[in-house]
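Novice: One structure coming up, written as structure tokens, with questions to follow.
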Amino acid sequence: MNEIMRLQYLDALGIDQWVANSPLVNARASDFVDFQSEGDSLASENIPIEEKNTIRESAVVHEINSEKQLAESAKPIEPIPESDKNSNKGVSFHLQLQGKQGAYVCLVELTSTGSLDVELQKLLENIMKAVDQLLDTKKTMFMHPEVFKWPMFQRQGAVSHIDHSETAASEALNAFLFSFLKRNQQKTLLVFGENLFNLLDASACDKNKLNVICAPALLSLQHNTDLKKLLWQEILNRLG
């Protein structure tokens, strides 16, 4: 079908013609439509002269609008004010849940590469062994670790309509966490890091009768014997 007639039919049906106001990632470039050539080809078609004139006028209007839209999309993107950047900066983290089925689970923050330093991993394993002895869960099976990353996908372009705020991060994390705890019938949660602890929904923890122990971050525990002693005393008081 003639491109101009197609556009006219779509307009008559009330179907809007949407044009992206910024380039779409990995999208194929749009085909160029020569409206003048399309209009000239009408002379050879068996169409009444009044309808031809209407189609040509519609083509001119459509071409003018298209040029305006292209001009708008070609405008350079204005830099985002520093105040707006800070207000929408949000939070980012990469977490891992690991523990023993039906006994306890540890929530730890990973590096940006999605892993734990060898020494920190060894420290976490030693803490888990001590908890195993306390709860007599040596024979209980370890759960397959699960990870959670926020934001879940990266922003594209200078402006994002996706909410990356701390509130959104907290809601997403709690939905993931309580789904995991319910599936694995967990009632004890060791959270390593005050920042992570502050993201938890306290009312949901109370409602689910979850025993939450807030521990210092593994990096803080690594070379601080006093913090390790305080953490073990807290574990004894809550689980012993």
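FYI, it's all coordinate maths here, none of it is from the lab. Only a predicted model underlies this, so the values are computations on that prediction, with no experimental measurement involved. Here the Cβ is made from the backbone with ideal geometry for all residues, glycine too, and neighbour counts use every protein chain on show.
Novice: Taking just the alpha-carbon atoms of the range 135-239, what radius of gyration and Dmax come out, in angstrom?
Specialist: Calculated on Cα positions, Rg and Dmax stand at 16.4, 53 Å.
Novice: Going by average Cβ density within 10 Å per residue, which order do the peptides 216-229, 190-203 take, highest to lowest?
Specialist: Numbers: 216-229: 14.1, 190-203: 17.1.
Packing order, densest peptide first, comes out as 190-203, 216-229.
Novice: Full-extension gain between residue 11 and residue 206, please, as 0.36 nm times their residue separation minus the C-alpha to C-alpha distance.
Specialist: Numbers: separation 195, 0.36 × 195 = 70.20 nm, distance 5.68 nm.
Extra length from residue 11 to residue 206 when fully extended: 64.5 nm.
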